[in-house]
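What follows is a short report on a single structure.
Every number in this text was worked out from the coordinates using simple rules, so none of it is lab data. Just so you know, these numbers come straight off a predicted model, no measurement behind them. Ideal geometry is used to build each Cβ from the backbone, glycine not excepted, and the neighbour counts take in all protein chains shown.
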Amino acid sequence: MELLQLINTILPKRNAESQLEEERVGIYKGNTELLRTLGESILPFIFHVHEHHVSKGLKSVALDILDKLLLYLDKDLLLTFIKPTEFSAFLAELLGSKEATTVKTALSIVRLVYDIIPE
C-alpha cells in the first residue's frame, strides 16, 4: 500500500493547481524514456493489485495511478503496455463495479484511452 501511495504522490495531479504541479507535469510530458520506464514497471503491478487484492482503498489508489499515467502516454507508448482485448475486459469489469468512485475513475480512463486511440 505504501508503494502505491508513494507512486500516486509522485505523479502530478490531473489538474495542476500550482506552479510546482505544473513543473511536475513538465517532467512527464514528452519524456518518453521516463514514461516507458514507469509504464513497464508500474502498469503490470497496477493490474496485479486490482486483480488479486480485495482492499477497496488499495484498488482505488491503483486506479488513480493508472488514470494519472494515461495523461502522458501517446498511442504508440500505450499500445506497448496493453493488449486491447485484455485491457477492454479490465475496463468492463471496472465499469460493472458497484462502487461509484470506481465507475467514475473507469469512465475517466475510458475517455483518456479514447482520446489517445480514437479509432
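A few notes on this one:
Let's see how each residue does on (1) more than 23 Å from Val110 (Cα to Cα); (2) charged (D, E, K, R):
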{"site": "Leu3", "(1), (2)": "yes, no"}
{"site": "Lys13", "(1), (2)": "no, yes"}
{"site": "Gln19", "(1), (2)": "yes, no"}
{"site": "Phe45", "(1), (2)": "no, no"}
{"site": "Val54", "(1), (2)": "no, no"}
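- Only residues that are free of Cβ contacts under 8 Å to residues at least 24 places away in the same chain and touching a helix residue (DSSP H, G or I) at 6+ places or on another chain (Cβ under 6 Å) were counted in the range 1-40, giving 1.
- Checking each residue in the range 21-68 for being aliphatic (A, V, I, L, M) and more than 18 Å from Ala100 (Cα to Cα) picks out Val25, Ile27, Leu34, Leu35, Leu38, Ile42, Leu43, Ile46, Val49.
Yes/no matrix, rows are residues, columns are (1) within 16 Å of Ile10 (Cα to Cα); (2) surrounded by fewer than 13 Cβ atoms within 10 Å (Cβ to Cβ); (3) without any contact (Cβ under 8 Å) to a residue 12 or more places away in the chain:
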residue: Pro44; (1), (2), (3): no, yes, yes
residue: His53; (1), (2), (3): no, no, yes
residue: Asp76; (1), (2), (3): no, yes, yes
residue: Ser97; (1), (2), (3): no, no, yes
residue: Thr101; (1), (2), (3): no, no, no
residue: Ile109; (1), (2), (3): no, no, no
